[in-house]
1. I need the phi-derived Karplus couplings for the range 348-358: 6.51 cos²θ - 1.76 cosθ + 1.60, θ = phi - 60°, integer Hz, Gly and Pro marked x.
2. How much length is gained on full extension from ALA115 to ARG99, taking 0.36 nm per residue of separation minus their Cα-Cα distance?
3. Could you please rank ARG159, ARG323, ARG33, placing first whichever residue has the fewest other Cβ atoms within 10 Å of its Cβ?
4. State, to one decimal in nm, how far the label point of ARG163 lies from the label point of PHE195, with both points 7 Å from Cα in the Cβ direction.
5. Using amide H atoms built in the peptide plane, which far-off residues or other-chain residues are under 5 Å from ARG124 H to H?
6. ³J(HN,Hα) across the range 276-286 via Karplus (A = 6.51, B = -1.76, C = 1.60, θ = phi - 60°), whole Hz, x for Gly/Pro?
7. Charges only on Cβ, +1 for Lys and Arg, -1 for Asp and Glu: so what's the dipole of the range 261-400 about the Cα centre, in debye to the nearest 20?
8. So what's the range 319-400 giving for Rg/Rh, alpha carbon basis, Kirkwood Rh from the mean inverse pair distance?
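Derivation of every value follows stated rules applied to the coordinates shown; laboratory data play no part. Just so you know, these numbers come straight off a predicted model, no measurement behind them. Ideal geometry is used to build each Cβ from the backbone, glycine not excepted, and the neighbour counts take in all protein chains shown.
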Amino acid sequence: MMKYTSIAGKQKKFTILGTAPEEVENARQGSDRVLLVSFIILMLFGMMAVYSAIAYFAQTKGTTAGALFANHSVKLILGFTVMLIASKINYHHVVKWSRYGVLVSWVLLLVVMTAGDTVFGARRSLSVGGFSFQPSSLAAVSLLLYISGLIAEKQAYIREFERSFVPIMVWISVTCGLIAIEDFSSAALLFVICFVMMFVGRVPMLHLGGIIAIGIAGGIFLVSSSPERVARVNEFVDQVITIRSAEFETGEGYQSQQAQIAIAQGGVTGVGIGKSTQRDFLPAPYNDFLFAIVAEEYGLIGAMTLLGLLAVILIRGVWDVARRAEDEQGALVALAATLMITMYGFIHAGVSSGILPVTGLPMPFMSYGGSSILFTGLMAGVLLNVSKHTTDRERPYIFA
């Protein structure tokens with residue numbers, strides 16, 4: 001079926017399954033303001049939290065909190081700029097080029113294995129010209145965008161195993177496998193998001209059942225092959241059953257327990273901005289456990305505000321943007337971007353609260369780190385662009 005969409009006041013034609021031409025009259029022309037404001041608030045919230053959490057880290061690096069805060073602010077400005085630029089580029093073009101992003105990320109992930117920087121016992125980043133870069137961030141964003149296009153492209157024969165399921169799984173398996181070698185938690189989350197996208201994209205349940213079996217088997221193998229991952233799982237299980245005082249100070253549960261102390265100290269209203277004490281005890285409070293610092297300084301009110309922002313993004317991105325997207329590709333892109341941004345945040349909060357085992361996933365737009373901010377900005381921009389091309393017609397297959 002032929003479909004027309006309005007871009008910059010002109011009519012552009014392309015072939016895609018989906019919407020009738022008359023729907024274009026009802027298409028939104030501007031980005032979703034609720035999403036845009038939510039992203040900006042997250043950035044501002046993150047700036048304040050990082051400034052409080054980074055003082056001790058600055059001392060260990062022989063610098064000042066102000067200098068690191070300025071560095072973080074520059075990264076946020078770059079992330080915001082990337083978001084604005086991406087929101088102006090038609091998402092179909094971004095998806096078209098995402099294939100090359102996946103291929104480049106494969107090469108970079110292989111390079112990381114031999115020449116990457118070791119941080120906290122894992123090789124996850126590359127240093128180029130004084131700048132640190134995590135190829136896994138590029139891999140995750142590129143894969144989600146490319147899989148969105150691939151699933152939409154194969155809708156006419158999505159139930160065929162060889163023509164549809166196998167090609168999709170090859171891209172997912174290789175990318176997740178390369179990431180999992182050094183960053184299992186990121187690979188596992190990426191795999192889950194891809195699974196949800198395939199479910200929404202009408203991939204047969206029989207095929208999806210096979211994915212679950214492969215995922216469980218692969219997860220067990222990867223966890224059991226790493227003493228550090230086994231220790232994290234055992235610590236989480238022990239913590240759920242009981243807190244062993246002998247391990248309180250130096251055991252495997254140290255990180256999670258210190259984060260929970262921070263949350264408990266915050267109470268309802270918090271100890272006050274910049275008055276955190278647990279930032280001196282928590283490993284990487286400016287990154288992996290930033291939610292705990294937010295809960296300590298801003299209390300339950302601040303923590304719930306942060307979670308509420310993520311919930312707004314999730315509901316708005318899926319219910320409003322994805323369900324009203326002009327085509328299957330737009331719906332899947334919006335779903336992928338929304339899940340990537342929000343699931344990182346919810347899991348980060350769950351780790352800090354002791355609900356989930358330690359993973360090392362950042363809080364989107366808030367945690368200290370350039371790669372995460374830049375690529376989160378890219379996905380946020382793509383989501384905003386999809387929101388420009390929505391219609392009044394809901395697409396029920398999003399929840400079919």
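1. 4, 5, x, 5, 4, 7, x, 6, 10, x, 4
2. 3.3 nm
3. Arranged by neighbour count, lowest to highest, ARG159, ARG323, ARG33 become ARG33, ARG159, ARG323.
4. 2.8
5. ASP117, VAL119
6. Per-residue couplings from phi come out as 5, 9, 6, 5, 7, 10, 6, x, 6, x, 7 Hz.
7. The calculation lands at about 100 debye.
8. Taking Rg over the Kirkwood Rh, I get 1.07.
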